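Undergrad: The following block contains the structure, expressed as structure tokens.
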Amino acid sequence: MNIDIAGIGTINAQKIFIDYNGTIAENGDLLTGIKKNLRDLSEIYEIYVLTGDTFGTVKEAFKDSSIEVIVAETAIAKAAVIDRYNPDHCIAIGNGSIDQLMFKKAALSFCVIEREGASVKALLEADIVVHSIYHAFEMIESPKKIIATLKE
């Protein structure tokens, strides 16, 4: 999907990389309704869960899903994954210090402040900060909200 942002340019988003713990899961358990949200987004975007998997629960959570899970245990490893998938076509969503480098690489990034909080390093590297993963999904589904937030 092309998102034309005045003063920034066009983002040709094709892939979404989403952190797990603190972003779409709390204490290692998926938040309510997340699989449906991801299925809906997967009609337009390629969806990947890119996580350090602190609680060791992500593979079990997505065992019955077509969503690809990629475990990357450091910020450098996450950034390397974004590099492999063409950063200019990537949206990154996360909340922790481990996400800061993927935020720098991706064409568009969201820092989510759910119940597990967010790292200041992640906040400073994100393009957009939201207080819920559901709001990030809402903005992605309605790109004019992204444009309104980012246009210069």
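Residue-by-condition table, conditions (1) more than 15 Å from the chain's Cα centre (by Cα); (2) not in a helix (DSSP H, G or I):
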{"position": "Arg39", "(1), (2)": "no, no"}
{"position": "Ile47", "(1), (2)": "no, yes"}
{"position": "Leu50", "(1), (2)": "no, yes"}
{"position": "Thr54", "(1), (2)": "yes, yes"}
{"position": "Asp64", "(1), (2)": "yes, yes"}
{"position": "Lys78", "(1), (2)": "no, no"}
{"position": "Ile91", "(1), (2)": "no, yes"}
{"position": "Asp99", "(1), (2)": "no, no"}
{"position": "Phe110", "(1), (2)": "no, yes"}
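Undergrad: So Tyr85 fits all but one of (1) without any contact (Cβ under 8 Å) to a residue 60 or more places away in the chain; (2) over 17 Å from Ile5 (Cβ atoms); (3) not β-branched (Val, Ile, Thr); what number is the exception?
TA: Result: Tyr85 fails condition (1) only.
Undergrad: Select, from Leu108, Leu123, the only residue that is surrounded by fewer than 21 Cβ atoms within 10 Å (Cβ to Cβ), out of contact with any His (no Cβ under 7 Å at 6 or more places or on another chain) and either in contact (Cβ under 8 Å) with a residue 12 or more places away in the chain or more than 25 Å from Asn2 (Cα to Cα) (or both).
TA: Of the residues listed, the single one that is surrounded by fewer than 21 Cβ atoms within 10 Å (Cβ to Cβ), out of contact with any His (no Cβ under 7 Å at 6 or more places or on another chain) and either in contact (Cβ under 8 Å) with a residue 12 or more places away in the chain or more than 25 Å from Asn2 (Cα to Cα) (or both) is Leu123.
Undergrad: Name the pairs: first residue in the range 1-25 and without any contact (Cβ under 8 Å) to a residue 12 or more places away in the chain, second residue open to solvent by less than 20 Å² (accessible area, probe 1.4 Å), Cβ to Cβ under 9 Å, at least 6 apart or on different chains?
TA: The qualifying pairs are Asn2/Ile11; Asn2/Ala13; Thr10/Ile3.
Undergrad: For the range 1-47, name all the residues that are among the β-branched types (Val, Ile, Thr) and open to solvent by less than 40 Å² (accessible area, probe 1.4 Å).
TA: Scanning the range 1-47 gives Ile3, Ile5, Ile11, Ile16, Ile18, Thr23, Ile24, Ile34, Ile47.
Undergrad: Which of the residues that make up the range 102-129 are more than 21 Å from Gln14 (Cα to Cα) and among the aliphatic types (A, V, I, L, M)?
TA: Ile113, Ala118, Val120, Ala122, Leu123, Leu124
Undergrad: Quick one: count up the residues across the range 45-57 that are out of contact with any helix residue (DSSP H, G or I) (no Cβ under 7 Å at 6 or more places or on another chain) and modelled with pLDDT under 95.
TA: Of the residues in the range 45-57, the ones out of contact with any helix residue (DSSP H, G or I) (no Cβ under 7 Å at 6 or more places or on another chain) are 45-46, 48, 53-57.
Next, from what is left, pick out any that are modelled with pLDDT under 95: 53-57.
Residues in the range 45-57 being out of contact with any helix residue (DSSP H, G or I) (no Cβ under 7 Å at 6 or more places or on another chain) and modelled with pLDDT under 95: 5 in total.
The values are calculated or read from the model by the stated rules, or taken from the named source; none is laboratory data. All of these numbers come straight from a predicted model, not from anything done at the bench. Here Cβ is always computed from backbone atoms with ideal geometry, including for glycine, and neighbour counts include all displayed protein chains. For accessibility, only protein heavy atoms count, side chains too; no ligands or nucleic acids. Shrake-Rupley method; radii C 1.70, N 1.55, O 1.52, S 1.80 Å.
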